[in-house]
Amino acid sequence: MSSSFHQKSLDLLSEQLGSKGIHINSLISKIATFQIAVPSWALGAGGTRFGRFSIGGEPRNLEEKLEDIGLLAKLTKRTDAVSLHIPWDIPQDVQAIRQKAADLQISFDAMNSNTFQDYGQPLSYKMGSLSNADPAIRKQAVEHNLQVIEIGKSLGSKGLTVWLADGSNFPGQAHIRKALQWTTESLKEIYASLPADWKLLLEYKPYEPNFYHTVIPDWGTSALICRQLGDRAKVLVDLGHHLPNTNIEQIVATLMHQNLLAGFHFNDSKYGDDDLSTGSVKPYQLFLIFCELIGGAEENAQTWESISWMIDASHNTKDPLEDLIQALEAISQAYAKALLVDRKKLALCQNEGDVVGAQEVLQDAFLTDVRTLVCEARIQSGGEADPLAFYRKEKIRAKLIAQRGKGAQASGL
Ligand code: LRH
Ligand code: MN
Ligand code: MN
(Lines give C-alpha, C1' and ligand atoms only; values in the text may rest on other atoms or scores of the structure.)
(Ligands and ions follow the chains in the order given, each with its own letter.)
Protein backbone atom coordinates (compact mmCIF):
# COMPACT_ATOMS: atom_id res chain seq x y z
CA MET A 1 0.00 0.00 0.00
CA SER A 2 1.45 3.42 -0.91
CA SER A 3 1.99 5.87 1.92
CA SER A 4 -0.50 8.37 0.47
CA PHE A 5 -3.14 5.63 0.25
CA HIS A 6 -2.35 4.66 3.84
CA GLN A 7 -2.78 8.29 4.94
CA LYS A 8 -6.11 8.58 3.11
CA SER A 9 -7.38 5.36 4.73
CA LEU A 10 -6.25 6.58 8.13
CA ASP A 11 -8.01 9.93 7.66
CA LEU A 12 -11.19 8.17 6.64
CA LEU A 13 -11.05 5.81 9.62
CA SER A 14 -10.28 8.73 11.90
CA GLU A 15 -13.40 10.53 10.64
CA GLN A 16 -15.53 7.40 10.90
CA LEU A 17 -14.41 6.66 14.49
CA GLY A 18 -14.41 10.35 15.42
CA SER A 19 -18.13 10.51 14.60
CA LYS A 20 -18.59 7.86 17.31
CA GLY A 21 -16.50 9.84 19.79
CA ILE A 22 -13.40 7.63 19.45
CA HIS A 23 -10.05 9.37 19.00
CA ILE A 24 -7.52 7.39 17.07
CA ASN A 25 -4.42 8.76 18.79
CA SER A 26 -5.12 7.07 22.10
CA LEU A 27 -6.03 3.86 20.23
CA ILE A 28 -2.75 3.99 18.31
CA SER A 29 -0.68 4.41 21.45
CA LYS A 30 -2.45 1.49 23.15
CA ILE A 31 -1.88 -0.76 20.12
CA ALA A 32 1.74 0.39 19.87
CA THR A 33 2.59 -0.44 23.47
CA PHE A 34 0.99 -3.90 23.50
CA GLN A 35 3.83 -6.44 23.29
CA ILE A 36 3.59 -10.21 22.94
CA ALA A 37 6.41 -12.60 23.82
CA VAL A 38 7.57 -15.24 21.35
CA PRO A 39 8.52 -18.76 22.47
CA SER A 40 11.92 -20.07 21.45
CA TRP A 41 10.32 -23.22 20.03
CA ALA A 42 8.19 -21.32 17.49
CA LEU A 43 11.23 -20.30 15.44
CA GLY A 44 11.84 -23.69 13.86
CA ALA A 45 9.48 -25.69 11.68
CA GLY A 46 7.35 -27.80 13.99
CA GLY A 47 6.60 -31.40 13.32
CA THR A 48 3.78 -33.82 13.85
CA ARG A 49 4.29 -37.39 14.93
CA PHE A 50 4.23 -38.30 11.24
CA GLY A 51 7.13 -36.18 10.18
CA ARG A 52 8.92 -32.90 10.15
CA PHE A 53 9.74 -30.83 7.10
CA SER A 54 12.62 -28.49 7.73
CA ILE A 55 12.24 -25.00 6.31
CA GLY A 56 16.01 -24.40 6.29
CA GLY A 57 17.93 -21.59 7.92
CA GLU A 58 16.37 -22.34 11.30
CA PRO A 59 18.22 -21.01 14.36
CA ARG A 60 20.80 -23.57 15.50
CA ASN A 61 21.34 -22.22 18.99
CA LEU A 62 20.04 -19.75 21.52
CA GLU A 63 22.02 -16.85 20.02
CA GLU A 64 20.38 -17.40 16.64
CA LYS A 65 16.96 -17.73 18.24
CA LEU A 66 17.49 -14.31 19.82
CA GLU A 67 18.55 -12.94 16.44
CA ASP A 68 15.31 -14.18 14.86
CA ILE A 69 13.25 -12.54 17.59
CA GLY A 70 15.32 -9.38 17.23
CA LEU A 71 14.39 -9.35 13.56
CA LEU A 72 10.69 -9.87 14.36
CA ALA A 73 10.89 -7.06 16.91
CA LYS A 74 12.50 -4.73 14.39
CA LEU A 75 9.95 -5.42 11.66
CA THR A 76 6.77 -5.61 13.71
CA LYS A 77 7.48 -3.68 16.94
CA ARG A 78 4.94 -6.03 18.51
CA THR A 79 7.33 -8.26 20.45
CA ASP A 80 10.16 -7.51 22.84
CA ALA A 81 10.58 -10.74 24.80
CA VAL A 82 11.42 -14.42 24.39
CA SER A 83 10.09 -17.32 26.43
CA LEU A 84 12.80 -19.95 26.88
CA HIS A 85 12.42 -23.65 27.31
CA ILE A 86 14.79 -25.73 29.42
CA PRO A 87 16.61 -28.00 28.50
CA TRP A 88 16.27 -26.89 24.85
CA ASP A 89 17.69 -23.43 25.57
CA ILE A 90 20.27 -23.84 28.34
CA PRO A 91 22.58 -20.83 27.97
CA GLN A 92 26.25 -21.81 27.75
CA ASP A 93 27.47 -18.31 28.58
CA VAL A 94 24.86 -16.40 30.58
CA GLN A 95 26.65 -13.04 30.36
CA ALA A 96 27.02 -13.30 26.58
CA ILE A 97 23.34 -14.22 26.19
CA ARG A 98 22.24 -11.36 28.44
CA GLN A 99 24.38 -8.97 26.43
CA LYS A 100 23.07 -10.26 23.11
CA ALA A 101 19.46 -9.92 24.30
CA ALA A 102 20.15 -6.42 25.61
CA ASP A 103 21.72 -5.39 22.29
CA LEU A 104 18.60 -6.63 20.51
CA GLN A 105 16.36 -4.99 23.17
CA ILE A 106 14.82 -8.30 24.07
CA SER A 107 13.95 -9.39 27.59
CA PHE A 108 13.29 -12.85 29.00
CA ASP A 109 9.64 -13.70 29.55
CA ALA A 110 8.48 -16.70 31.61
CA MET A 111 10.77 -19.74 31.64
CA ASN A 112 9.28 -23.11 30.64
CA SER A 113 10.30 -26.30 32.39
CA ASN A 114 10.15 -29.67 30.65
CA THR A 115 9.23 -32.87 32.44
CA PHE A 116 7.33 -34.32 29.49
CA GLN A 117 10.30 -35.92 27.71
CA ASP A 118 13.37 -37.91 28.54
CA TYR A 119 16.55 -36.06 27.60
CA GLY A 120 19.22 -38.03 29.38
CA GLN A 121 18.15 -37.34 32.97
CA PRO A 122 18.67 -40.31 35.37
CA LEU A 123 15.01 -41.31 35.89
CA SER A 124 12.34 -41.58 33.19
CA TYR A 125 9.19 -39.44 33.01
CA LYS A 126 7.36 -42.16 31.09
CA MET A 127 4.89 -42.64 33.97
CA GLY A 128 4.70 -38.98 34.89
CA SER A 129 6.79 -36.36 36.62
CA LEU A 130 5.39 -34.21 39.44
CA SER A 131 2.58 -36.79 39.84
CA ASN A 132 4.75 -39.91 39.61
CA ALA A 133 4.07 -42.67 42.15
CA ASP A 134 7.83 -42.87 42.74
CA PRO A 135 9.00 -40.12 45.14
CA ALA A 136 12.49 -40.14 43.59
CA ILE A 137 11.04 -39.21 40.21
CA ARG A 138 8.89 -36.49 41.76
CA LYS A 139 12.00 -35.13 43.48
CA GLN A 140 13.94 -35.12 40.22
CA ALA A 141 11.09 -33.24 38.49
CA VAL A 142 10.90 -30.69 41.33
CA GLU A 143 14.66 -30.17 41.15
CA HIS A 144 14.47 -29.64 37.40
CA ASN A 145 11.96 -26.83 37.99
CA LEU A 146 14.24 -25.31 40.64
CA GLN A 147 17.10 -25.39 38.16
CA VAL A 148 14.88 -23.63 35.59
CA ILE A 149 14.15 -20.92 38.17
CA GLU A 150 17.90 -20.48 38.76
CA ILE A 151 18.59 -20.14 35.03
CA GLY A 152 15.69 -17.70 34.75
CA LYS A 153 17.05 -15.64 37.65
CA SER A 154 20.42 -15.38 35.96
CA LEU A 155 18.72 -14.02 32.82
CA GLY A 156 16.31 -11.64 34.52
CA SER A 157 13.11 -13.59 33.88
CA LYS A 158 10.20 -13.15 36.29
CA GLY A 159 8.10 -16.23 35.71
CA LEU A 160 7.96 -20.02 35.60
CA THR A 161 5.48 -21.73 33.30
CA VAL A 162 4.64 -25.31 34.15
CA TRP A 163 2.86 -27.53 31.67
CA LEU A 164 2.59 -31.18 32.67
CA ALA A 165 1.98 -34.09 30.35
CA ASP A 166 1.20 -36.19 33.44
CA GLY A 167 -1.82 -38.45 33.28
CA SER A 168 -2.75 -41.92 32.17
CA ASN A 169 -3.68 -43.66 28.95
CA PHE A 170 -5.97 -46.34 30.33
CA PRO A 171 -8.51 -46.70 33.11
CA GLY A 172 -6.89 -48.09 36.23
CA GLN A 173 -3.38 -47.03 35.21
CA ALA A 174 -3.15 -44.20 37.72
CA HIS A 175 -4.62 -43.39 41.11
CA ILE A 176 -6.43 -40.21 40.08
CA ARG A 177 -6.67 -38.60 43.52
CA LYS A 178 -3.13 -39.47 44.55
CA ALA A 179 -1.75 -38.18 41.25
CA LEU A 180 -3.46 -34.84 41.91
CA GLN A 181 -2.22 -34.77 45.51
CA TRP A 182 1.38 -35.57 44.53
CA THR A 183 1.26 -32.92 41.82
CA THR A 184 0.01 -30.32 44.29
CA GLU A 185 2.67 -31.26 46.85
CA SER A 186 5.42 -31.10 44.21
CA LEU A 187 4.18 -27.71 43.01
CA LYS A 188 4.15 -26.47 46.62
CA GLU A 189 7.86 -27.31 46.85
CA ILE A 190 8.53 -25.44 43.60
CA TYR A 191 6.43 -22.47 44.69
CA ALA A 192 8.39 -22.28 47.97
CA SER A 193 11.53 -21.55 45.92
CA LEU A 194 9.88 -19.00 43.65
CA PRO A 195 11.49 -15.55 44.07
CA ALA A 196 9.18 -12.95 45.62
CA ASP A 197 8.87 -10.97 42.37
CA TRP A 198 8.14 -14.03 40.21
CA LYS A 199 4.88 -15.65 39.24
CA LEU A 200 4.05 -19.27 38.55
CA LEU A 201 1.91 -19.83 35.45
CA LEU A 202 0.11 -23.17 35.62
CA GLU A 203 -1.04 -24.43 32.23
CA TYR A 204 -3.82 -26.99 31.69
CA LYS A 205 -4.76 -29.23 28.79
CA PRO A 206 -7.53 -31.82 28.53
CA TYR A 207 -5.68 -34.57 26.70
CA GLU A 208 -2.51 -35.44 24.77
CA PRO A 209 -0.09 -37.08 25.25
CA ASN A 210 -2.34 -38.97 27.66
CA PHE A 211 -5.72 -39.99 26.32
CA TYR A 212 -7.61 -41.29 29.32
CA HIS A 213 -6.89 -38.80 32.07
CA THR A 214 -4.68 -35.75 32.50
CA VAL A 215 -3.78 -34.58 35.99
CA ILE A 216 -4.40 -30.88 35.21
CA PRO A 217 -7.01 -31.09 32.44
CA ASP A 218 -8.85 -27.80 32.84
CA TRP A 219 -8.81 -24.27 34.23
CA GLY A 220 -10.77 -25.34 37.31
CA THR A 221 -8.19 -27.91 38.39
CA SER A 222 -5.38 -25.47 37.68
CA ALA A 223 -7.20 -22.80 39.73
CA LEU A 224 -7.77 -25.22 42.63
CA ILE A 225 -4.06 -25.96 42.75
CA CYS A 226 -3.09 -22.29 42.42
CA ARG A 227 -5.34 -21.45 45.37
CA GLN A 228 -3.37 -23.94 47.45
CA LEU A 229 -0.03 -22.49 46.36
CA GLY A 230 -0.46 -18.76 46.91
CA ASP A 231 -1.21 -15.43 45.26
CA ARG A 232 1.64 -15.59 42.77
CA ALA A 233 0.38 -18.82 41.23
CA LYS A 234 -2.18 -18.24 38.49
CA VAL A 235 -3.78 -20.06 35.58
CA LEU A 236 -2.27 -19.94 32.10
CA VAL A 237 -4.80 -20.14 29.26
CA ASP A 238 -3.44 -21.74 26.09
CA LEU A 239 -6.18 -21.17 23.52
CA GLY A 240 -5.69 -24.63 21.98
CA HIS A 241 -6.01 -26.47 25.28
CA HIS A 242 -9.78 -26.84 25.30
CA LEU A 243 -12.33 -29.31 24.08
CA PRO A 244 -14.12 -28.12 20.92
CA ASN A 245 -16.62 -25.30 21.40
CA THR A 246 -15.52 -24.43 24.92
CA ASN A 247 -16.42 -20.83 25.76
CA ILE A 248 -12.88 -19.55 26.34
CA GLU A 249 -13.95 -15.94 26.84
CA GLN A 250 -16.08 -17.06 29.76
CA ILE A 251 -13.08 -18.85 31.29
CA VAL A 252 -11.07 -15.65 30.89
CA ALA A 253 -13.78 -13.56 32.55
CA THR A 254 -14.15 -16.02 35.42
CA LEU A 255 -10.41 -16.20 36.06
CA MET A 256 -10.10 -12.42 35.98
CA HIS A 257 -13.00 -12.12 38.38
CA GLN A 258 -10.97 -14.24 40.82
CA ASN A 259 -7.64 -12.51 40.08
CA LEU A 260 -6.42 -15.88 38.86
CA LEU A 261 -5.49 -15.20 35.23
CA ALA A 262 -1.73 -15.57 34.71
CA GLY A 263 -1.66 -15.04 30.98
CA PHE A 264 -2.02 -16.52 27.54
CA HIS A 265 -0.50 -18.84 25.04
CA PHE A 266 -1.99 -17.52 21.81
CA ASN A 267 -2.66 -19.87 18.92
CA ASP A 268 -5.73 -21.15 17.10
CA SER A 269 -7.45 -24.46 16.85
CA LYS A 270 -9.97 -26.35 14.77
CA TYR A 271 -9.94 -29.63 16.69
CA GLY A 272 -7.59 -29.68 19.68
CA ASP A 273 -4.08 -28.51 20.50
CA ASP A 274 -3.52 -27.78 16.82
CA ASP A 275 -1.14 -24.86 17.42
CA LEU A 276 -2.43 -23.12 14.29
CA SER A 277 -1.67 -19.45 13.67
CA THR A 278 -3.51 -17.16 16.05
CA GLY A 279 -6.62 -15.71 14.45
CA SER A 280 -6.48 -18.02 11.42
CA VAL A 281 -9.56 -20.08 12.32
CA LYS A 282 -11.64 -18.23 14.92
CA PRO A 283 -10.89 -14.49 14.81
CA TYR A 284 -14.27 -13.67 16.37
CA GLN A 285 -13.43 -15.79 19.40
CA LEU A 286 -10.12 -13.97 19.76
CA PHE A 287 -11.96 -10.65 19.62
CA LEU A 288 -14.45 -11.78 22.28
CA ILE A 289 -11.56 -12.85 24.52
CA PHE A 290 -10.05 -9.37 24.19
CA CYS A 291 -13.45 -7.83 24.97
CA GLU A 292 -13.46 -9.72 28.29
CA LEU A 293 -9.85 -8.73 28.97
CA ILE A 294 -10.48 -5.05 28.35
CA GLY A 295 -13.74 -5.13 30.33
CA GLY A 296 -12.09 -6.99 33.23
CA ALA A 297 -9.20 -4.53 33.36
CA GLU A 298 -11.45 -1.45 33.08
CA GLU A 299 -13.71 -2.73 35.84
CA ASN A 300 -10.67 -3.49 38.05
CA ALA A 301 -11.15 -7.25 38.17
CA GLN A 302 -7.45 -7.68 37.40
CA THR A 303 -4.86 -5.27 36.09
CA TRP A 304 -3.75 -5.44 32.46
CA GLU A 305 -0.09 -5.41 33.58
CA SER A 306 -0.56 -8.52 35.71
CA ILE A 307 -1.32 -10.61 32.60
CA SER A 308 1.41 -12.24 30.48
CA TRP A 309 1.05 -12.46 26.72
CA MET A 310 2.76 -15.07 24.64
CA ILE A 311 2.37 -16.96 21.38
CA ASP A 312 2.57 -20.75 21.48
CA ALA A 313 2.47 -22.14 17.97
CA SER A 314 4.47 -24.51 15.86
CA HIS A 315 4.12 -25.19 12.17
CA ASN A 316 4.79 -28.00 9.82
CA THR A 317 4.12 -26.15 6.58
CA LYS A 318 4.82 -22.45 7.08
CA ASP A 319 7.95 -20.38 7.38
CA PRO A 320 7.87 -19.85 11.19
CA LEU A 321 8.91 -16.19 10.95
CA GLU A 322 6.15 -15.44 8.44
CA ASP A 323 3.73 -17.24 10.71
CA LEU A 324 4.79 -15.19 13.72
CA ILE A 325 4.38 -11.97 11.75
CA GLN A 326 0.84 -13.07 10.89
CA ALA A 327 0.09 -14.05 14.50
CA LEU A 328 1.37 -10.76 15.94
CA GLU A 329 -0.77 -8.92 13.41
CA ALA A 330 -3.88 -10.98 14.21
CA ILE A 331 -3.48 -10.39 17.96
CA SER A 332 -3.04 -6.63 17.43
CA GLN A 333 -6.13 -6.55 15.24
CA ALA A 334 -8.28 -8.41 17.78
CA TYR A 335 -7.06 -6.07 20.52
CA ALA A 336 -7.71 -2.99 18.39
CA LYS A 337 -11.23 -4.13 17.51
CA ALA A 338 -12.02 -4.88 21.16
CA LEU A 339 -10.87 -1.36 22.06
CA LEU A 340 -13.56 -0.01 19.72
CA VAL A 341 -16.44 -1.61 21.64
CA ASP A 342 -18.84 1.00 22.97
CA ARG A 343 -18.84 -0.35 26.51
CA LYS A 344 -21.37 2.16 27.84
CA LYS A 345 -23.87 1.21 25.16
CA LEU A 346 -23.17 -2.46 25.74
CA ALA A 347 -23.84 -2.09 29.48
CA LEU A 348 -27.09 -0.29 28.69
CA CYS A 349 -28.20 -3.06 26.34
CA GLN A 350 -27.30 -5.68 28.95
CA ASN A 351 -29.26 -3.87 31.66
CA GLU A 352 -32.29 -3.39 29.44
CA GLY A 353 -32.23 -6.93 28.08
CA ASP A 354 -31.62 -5.62 24.55
CA VAL A 355 -30.12 -8.77 23.08
CA VAL A 356 -30.11 -7.48 19.51
CA GLY A 357 -28.58 -4.17 20.56
CA ALA A 358 -25.76 -5.91 22.45
CA GLN A 359 -24.90 -8.06 19.46
CA GLU A 360 -24.91 -4.98 17.22
CA VAL A 361 -22.46 -3.20 19.54
CA LEU A 362 -20.00 -6.09 19.40
CA GLN A 363 -20.32 -6.66 15.67
CA ASP A 364 -19.99 -2.98 14.88
CA ALA A 365 -16.55 -3.10 16.50
CA PHE A 366 -15.56 -6.47 15.07
CA LEU A 367 -16.52 -5.54 11.53
CA THR A 368 -14.46 -2.34 11.54
CA ASP A 369 -11.38 -2.70 9.38
CA VAL A 370 -8.58 -1.79 11.80
CA ARG A 371 -5.64 -2.78 9.60
CA THR A 372 -4.74 0.84 8.88
CA LEU A 373 -4.72 1.58 12.60
CA VAL A 374 -2.45 -1.36 13.42
CA CYS A 375 -0.18 -0.38 10.55
CA GLU A 376 -0.01 3.23 11.74
CA ALA A 377 0.87 2.08 15.28
CA ARG A 378 3.72 0.05 13.81
CA ILE A 379 4.98 2.92 11.64
CA GLN A 380 4.91 5.31 14.59
CA SER A 381 6.94 2.79 16.63
CA GLY A 382 9.57 2.60 13.90
CA GLY A 383 8.54 -0.75 12.42
CA GLU A 384 7.78 -1.72 8.83
CA ALA A 385 4.44 -0.68 7.34
CA ASP A 386 4.01 -4.20 5.92
CA PRO A 387 6.42 -6.58 7.69
CA LEU A 388 5.40 -9.65 5.67
CA ALA A 389 5.91 -7.90 2.33
CA PHE A 390 9.26 -6.58 3.57
CA TYR A 391 10.34 -10.07 4.72
CA ARG A 392 9.53 -11.49 1.30
CA LYS A 393 10.97 -8.60 -0.69
CA GLU A 394 14.24 -8.82 1.24
CA LYS A 395 14.32 -12.62 0.78
CA ILE A 396 15.15 -13.02 4.44
CA ARG A 397 14.60 -16.79 4.55
CA ALA A 398 16.95 -17.29 1.62
CA LYS A 399 19.55 -15.17 3.43
CA LEU A 400 19.12 -17.23 6.60
CA ILE A 401 19.53 -20.45 4.61
CA ALA A 402 22.71 -19.09 3.03
CA GLN A 403 24.02 -18.16 6.47
CA ARG A 404 22.90 -21.15 8.54
CA GLY A 405 22.44 -23.92 6.01
CA LYS A 406 19.52 -25.73 4.43
CA GLY A 407 19.40 -28.48 7.01
CA ALA A 408 19.71 -26.17 10.04
CA GLN A 409 17.17 -27.22 12.64
CA ALA A 410 16.09 -25.63 15.88
CA SER A 411 15.76 -27.70 19.06
CA GLY A 412 12.18 -27.90 20.17
CA LEU A 413 8.88 -29.59 19.61
C1 LRH B 1 2.19 -28.95 24.78
C2 LRH B 1 2.72 -27.58 24.68
C3 LRH B 1 2.19 -26.68 25.79
C4 LRH B 1 3.40 -25.98 26.32
C5 LRH B 1 4.43 -26.22 25.26
C6 LRH B 1 5.83 -26.20 25.74
O7 LRH B 1 0.82 -28.95 24.64
O8 LRH B 1 2.37 -27.09 23.42
O9 LRH B 1 1.22 -25.83 25.27
O10 LRH B 1 3.13 -24.65 26.56
O11 LRH B 1 4.11 -27.52 24.79
MN1 MN C 1 1.11 -23.77 25.64
MN1 MN D 1 0.03 -27.06 23.58
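The values are calculated or read from the model by the stated rules, or taken from the named source; none is laboratory data. What you see is a predicted model, and the numbers here were worked out from it, not measured in a lab. Quick reminder, even Gly has a Cβ in these numbers, built from the backbone with ideal geometry, and neighbours come from all protein chains shown.
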| message | I'd like the full set of residues that are hydroxyl-bearing (Ser, Thr, Tyr), surrounded by fewer than 20 Cβ atoms within 10 Å (Cβ to Cβ) and either more than 15 Å from ligand 1 (Cβ to nearest atom) or closer than 17 Å to LYS188 by Cβ (or both), limited to region 114-164. | response | SER124, SER154
| note | Within region 153-180, residues within 23 Å of the chain's Cα centre (by Cα), away from ligand 2 (no atom under 16 Å from the Cβ) and in a loop (DSSP other than H, G, I, E, B) come out as GLY156, SER157, LYS158
| request: Return the only residue of SER314, SER308, SER332 being of a type in the set (S, T, N, Q) and more than 16 Å from ligand 2 (Cβ to nearest atom). | output: SER332
| task | Please find, within region 237-257, the residue that is farthest from ligand 2 (Cβ to nearest atom) out of those that are in a helix (DSSP H, G or I) and out of contact with any Asp or Glu (no Cβ under 6 Å at 6 or more places or on another chain). | result | HIS257
| field | Single condition ASN316 does not satisfy, out of (1) within 16 Å of ligand 1 (Cβ to nearest atom); (2) surrounded by 19 or more Cβ atoms within 10 Å (Cβ to Cβ) | value | (2)
| said: Looking only at region 211-255, filter to residues that are β-branched (Val, Ile, Thr), closer than 19 Å to SER186 by Cβ and surrounded by 21 or more Cβ atoms within 10 Å (Cβ to Cβ); which one of those is farthest from ligand 1 (Cβ to nearest atom)? | reply: ILE225
| Which fully enclosed helices (runs of 4 or more DSSP H) of region 349-404 have 1 or more residues being touching a Cys at 6+ places or on another chain (Cβ under 7 Å)? | 355-366
| field | Residues satisfying the stated conditions in region 346-367, i.e. closer than 28 Å to PHE266 by Cβ and either at pLDDT below 95 or not small (Gly, Ala, Ser) (or both) | value | LEU346, GLN350, GLN359, GLU360, VAL361, LEU362, GLN363, ASP364, PHE366, LEU367
| Within the set of pairs 6+ apart or on separate chains, which have a first residue in region 263-281 that is under 21 Å from SER83 (Cα atoms) and of a type in the set (Phe, Trp, Tyr), a second that is assigned to a loop (DSSP other than H, G, I, E, B) and more than 10 Å from ligand 2 (Cβ to nearest atom), and C-beta atoms under 9 Å apart? | PHE264/ILE36; PHE264/ILE307; PHE266/ILE36; PHE266/THR278; PHE266/GLY279
